[in-house]
1. Residue check: is residue 232 assigned by TED's automatic domain parsing to the domain that holds residue 46, out of contact with any strand residue (DSSP E or B) (no Cβ under 7 Å at 6 or more places or on another chain) and more than 17 Å from residue 45 (Cβ to Cβ)?
2. Considering only residues that are under 25 Å from residue 275 (Cα atoms) and of a type in the set (A, V, I, L, M), which ones fall in the stretch 186-228?
3. Of all residues being out of contact with any strand residue (DSSP E or B) (no Cβ under 7 Å at 6 or more places or on another chain) and farther than 14 Å from residue 165 by Cα in the stretch 99-116, which is surrounded by the most Cβ atoms within 10 Å (Cβ to Cβ)? Just the residue, please.
4. Could you tell me which numbered condition residue 15 fails, if it satisfies all but one of (1) assigned to a strand (DSSP E or B); (2) touching a residue at least 60 places away in the same chain (Cβ under 8 Å)?
5. With respect to the numbered conditions (1) touching a strand residue (DSSP E or B) at 6+ places or on another chain (Cβ under 6 Å); (2) closer than 24 Å to residue 277 by Cβ, which one is the sole condition not fulfilled by residue 150?
6. Got a sec? Which strands (runs of 3 or more DSSP E) wholly within the stretch 72-161 have at least 1 residues that are in the same structural domain as residue 41 (by TED's automatic domain parsing) and either of a type in the set (S, T, N, Q) or modelled with pLDDT under 90 (or both)?
7. Determine which single condition residue 221 fails, assuming it passes every other condition in (1) surrounded by fewer than 20 Cβ atoms within 10 Å (Cβ to Cβ); (2) out of contact with any Lys or Arg (no Cβ under 7 Å at 6 or more places or on another chain).
Amino acid sequence: MVDDCSSGFLALDPEMRRLREALETVAPTPLPVLILGETGTGKEVVAEWIAGMSRHPRERFVKVNCASLSESLVESELFGHERGAFTGAVAPREGLFEAAHEGTLFLDEVGELSPRTQAKLLRTLEYGEIVRVGSTRPRRVDVRVIAATHRDLEQMVREGSFRQDLYFRLNAITLRIPPLRARTSEILPLAALFAARLSQRLARPAPPLAKEATAALLSHAWPGNVRELRHVVERAVVMSKGGPIGADHLMLEAPRAPVEAGIKGDLRSFERDRIVAALEQARQNQTRAAELLGVSRRTLTNKLNAYGIARPRKKVALEEC
């Protein structure tokens, strides 16, 4: 089996190889797919790979992060609207389902959708039609849906915050991506891939990893998973200025004492992961990350120091994996 390095989808770990084999079976079918995994594990990469290996590889692939859609606009974004449907709707507009007609629509963080939007999504999946906001006329759409979330949808169903019938409709095929800490054999190959990719854009040779950098990469917990690894490595490529990448270029925090056991430790681990994820979503902009977390920038700074999270020193424009 040849690994698809161009997409960053490696399959060196046994669990990832089993996932790859499942993908090769699922990709040519029209069945909905639900991708589960922690933030940053590469759910979007997997979705793109599925779409690329579908029956018609050049068909449309439309993606949207449901968490980024405001409650007031989410239905318009997904299903479109008619002129005059609401203030500011000066012209009719097709939604993402229509844009993805005869292709694939990737709904990232589907667990963030409101109950009302969940109901409309369920109808679309069951009947293959959408109704634009401000209209009563259904429109046929032929769309394969790939959904993803880091949330526990089964728990959300039990709590009543996610529709059970929608959950069953989405998970015709369920794929779970293991966190990076569970597939350490892929850390160094991924690091080499990300370093080579950015070096090519910078028109310079890919820098080698010094022994201390290799050790640091392998000992890090990677709460932000593959996305965190990519940003760390690409930042190190820039900071190394064309020379070998040392541990100091990675700007990783020093190994910490084991996290406290019990509920207190779980809460600290959860809070730390949320902060890392917010920084990644905000492209290392601390002011924006603080806004996403709903705290002041000073509070975020204090948390970064408390958890030993390296504070970004330079902004680097990085492409998405």
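The values are calculated or read from the model by the stated rules, or taken from the named source; none is laboratory data. Being a predicted model, the structure only gives us computed values, none of them experimental. Cβ: placed from backbone, ideal geometry, glycine included. Neighbour counts: every protein chain shown.
1. The answer is no for residue 232.
2. Result: 187, 188, 190, 191, 195, 213, 215, 216, 217, 218, 221, 226.
3. The qualifying residue surrounded by the most Cβ atoms within 10 Å (Cβ to Cβ) is 113.
4. (1)
5. (1)
6. In the stretch 72-161, 103-108, 143-149 are the strands (runs of 3 or more DSSP E) which contain 1 or more residues that are in the same structural domain as residue 41 (by TED's automatic domain parsing) and either of a type in the set (S, T, N, Q) or modelled with pLDDT under 90 (or both).
7. Failed condition: (2).
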